[in-house]
Amino acid sequence: MDLEEFLSENGIPPSPQHDHSPHPPGLQPASSAAPSVMDLSNRASAPIHPGIPSPNCMQSPIRPGQLLPANRNTPSPIDPDTIQVPVGYEPDPADLALSSIPGQEMFDPRKRKFSEEELKPQPMIKKARKVFIPDDLKQDDKYWARRRKNNMAAKRSRDARRLKENQIAIRASFLEKENSALRQEVADLRKELGKCKNILAKYEARHGPL
């Protein structure tokens, strides 16, 4: 008796035939196919995690002595003449009037600068001895014309010298105030610099030099 007939007579269903071949002949699973060289290169260059950049894209930190890139943003130089120092200085209006030329702009001690030649000490000029003039020459009109012209020139010279002296005095007073303000600012900056140096020293002692 055949096995199938015996099973059918006893009411036992036949066992299903197991196909021992995992895949039909002629077909291979896609996972078993070996990746090509291009696939391997792409996988090697791609990061494992999408949130982490590849090592090639990571920039190395700047080491001591290494030159900075040329496109690094650096502050532009500052012109010292453009710096305004807050100084609480208000000169007397009467002194400004004596230091200004009539009909022109008021003298500003913050902007007016004198050259080294203007600040040189002037020698003492002795007063000229009086020259005796005969009475007959005093009747001449040319004598009085020359004398008036000389007196006007001497007056203009005295006024110009007095004007410059007043300007230098007001300018010096302003510079004294500005110098005091700058000294205070330098003291504050040195104090702040000392705090920064202490913080940096503590950091380097704990984590090593930068």
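The values are calculated or read from the model by the stated rules, or taken from the named source; none is laboratory data. Please read these numbers as outputs of a predicted model, since none were measured by experiment. Positions of Cβ are generated from backbone atoms using ideal geometry, with glycine treated the same way; all protein chains shown enter the neighbour counts. To get the accessible areas, we keep the full protein, side chains included, count just its heavy atoms, and leave off ligands, DNA and RNA. Shrake-Rupley method; radii C 1.70, N 1.55, O 1.52, S 1.80 Å.
Within the range 93-110, the residues that satisfy the criterion of being under 28 Å from Glu185 (Cβ atoms) and open to solvent by less than 80 Å² (accessible area, probe 1.4 Å) are Asp95, Leu96, Ser99, Phe107, Asp108, Pro109. Looking across Leu182, Leu175, Leu193, one residue alone is part of a helix (DSSP H, G or I), modelled with pLDDT of 95 or more, of a type in the set (A, V, I, L, M) and open to solvent by 60 Å² or more (accessible area, probe 1.4 Å). It is Leu193. Screening the candidates Ala160, Ala205 for the property of being modelled with pLDDT of 90 or more, surrounded by 10 or more Cβ atoms within 10 Å (Cβ to Cβ) and outside any loop (DSSP other than H, G, I, E, B) yields one hit, Ala160. Kindly indicate whether Arg129 is at pLDDT 85 or above, open to solvent by 100 Å² or more (accessible area, probe 1.4 Å) and out of contact with any Ser or Thr (no Cβ under 9 Å at 6 or more places or on another chain). Taking the combined requirement at face value, the residue does not satisfy it.
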